[in-house]
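J.: To start, I am sharing the structure in question, which I have written as structure tokens.
The values are calculated or read from the model by the stated rules, or taken from the named source; none is laboratory data. Predicted, not measured: the structure shown is a model, and the values here were computed from it. So basically every Cβ, Gly included, is an ideal-geometry build from the backbone, and we count neighbours across all protein chains shown.
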Amino acid sequence: MREAVSIPGGHLGVRLRRFRRLRGLKQAHVAETLGVSQGLVSRWESGQHVPSPELARPIRDLIAVPPDASSDRALRRLVESANLPVHLICDATHRLLAASPGREREWGASACAFVGRSLWRYATDEIVMAEDRLADHGWFDRADPARLSIPTRGNGNDEMRILPSTLEWEQIGLADGRVGRLVTTVAFA
């Protein structure tokens with residue numbers, strides 16, 4: 001199983017750039033917040049340098065969506081009442097924000113046990129590969145990236161089951177300016 005807080009490090013700089021641009025923050029402000037130089041932030045964002053493990057966590061914390069963002073209650077309620085198997089995660093950290101009853105049935109588990117936790121450890125090999133290719137699809141650069149379809153063979157995990165299916169990923173803006181990812185099962189294999 002993957003570590004719960006692990007996300008692909010190579011894209012952390014790209015995620016930081018997107019977060020910074022959405023928030024209208026200068027690199028110098030982010031650098032001061034993290035206690036590093038502006039040049040280092042620039043190198044992270046351009047992919048010339050990968051943040052050290054000691055700095056990766058504060059960066060993820062900076063760009064993470066709080067799991068209880070009160071301004072997104074209506075969105076959470078829509079996801080939780082959806083007929084389709086769907087869930088909403090923080091795009092930067094993969095923390096679960098909400099899940100529909102259909103998704104809970106697929107998982108074989110209540111979403112309550114996972115809200116606020118990263119779902120990355122349950123990712124299938126196909127999900128990991130799709131995540132690694134997000135930058136190739138303009139996921140971090142465009143204001144409205146295309147929907148992505150990800151076929152997966154499932155994960156065989158008893159704690160949180162992912163069935164063989166095709167998933168659709170869509171970005172969705174959250175009220176605080178951060179980005180969520182809506183994950184919908186569009187077909188079961």
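J.: Can we say Leu97 is touching a residue at least 60 places away in the same chain (Cβ under 8 Å), on the phi < 0 side of the Ramachandran plot and buried (at least 23 other Cβ atoms within 10 Å of the Cβ)?
T.: Against the criterion (touching a residue at least 60 places away in the same chain (Cβ under 8 Å), on the phi < 0 side of the Ramachandran plot and buried (at least 23 other Cβ atoms within 10 Å of the Cβ)), Leu97 qualifies.
J.: Out of the residues in the stretch 85-104 that are out of contact with any Leu (no Cβ under 7 Å at 6 or more places or on another chain) and modelled with pLDDT of 95 or more, which is nearest to Arg18 (Cα to Cα)?
T.: Residue satisfying both the conditions and the ranking: Ala99.
J.: Any residue that is farther than 14 Å from Leu174 by Cβ, touching a residue at least 12 places away in the same chain (Cβ under 8 Å), part of a helix (DSSP H, G or I) and of a type in the set (Lys, Arg) - is there at least one of those in the stretch 106-118?
T.: No - not one qualifying residue is present in the stretch 106-118.
J.: Let me ask something else. Looking at the stretch 25-35, is at least one residue outside any helix (DSSP H, G or I) and touching a strand residue (DSSP E or B) at 6+ places or on another chain (Cβ under 7 Å)?
T.: Within the stretch 25-35, not a single residue is outside any helix (DSSP H, G or I) and touching a strand residue (DSSP E or B) at 6+ places or on another chain (Cβ under 7 Å).
J.: For Thr166, work out the one condition from (1) of a type in the set (Val, Ile, Thr); (2) closer than 16 Å to Leu182 by Cβ; (3) not in a strand (DSSP E or B) it doesn't fulfil.
T.: Only one criterion in (1) of a type in the set (Val, Ile, Thr); (2) closer than 16 Å to Leu182 by Cβ; (3) not in a strand (DSSP E or B) is unmet by Thr166, namely (3).
J.: Given (1) modelled with pLDDT under 85; (2) over 16 Å from the mean Cα position of the chain (by Cα); (3) not β-branched (Val, Ile, Thr), identify the lone condition not met by Ser52.
T.: For Ser52, the exception is condition (1).
J.: Anything in the stretch 102-117 that is buried (at least 16 other Cβ atoms within 10 Å of the Cβ) and either in contact with a helix residue (DSSP H, G or I) (Cβ under 9 Å, 6 or more places away or on another chain) or not assigned by TED's automatic domain parsing to the domain that holds Glu170 (or both)? List them, or say none.
T.: Matches in the stretch 102-117: Arg103, Glu104, Trp107, Ala111, Phe114.
J.: Collect the residues in the stretch 118-162 that are modelled with pLDDT under 95, surrounded by 16 or more Cβ atoms within 10 Å (Cβ to Cβ) and among the charged types (D, E, K, R), keeping them in residue-number order.
T.: Across the stretch 118-162, the qualifying residues are Arg121, Glu131.
J.: State which residue pairs qualify: first residue outside any helix (DSSP H, G or I) and inside the stretch 52-65, second residue acidic (Asp, Glu) in any location, beta carbons under 9 Å apart, and separation of 6 or more residues or different chains.
T.: Filtered contacts from the stretch 52-65: Val65/Asp72; Val65/Asp91; Val65/Asp176.
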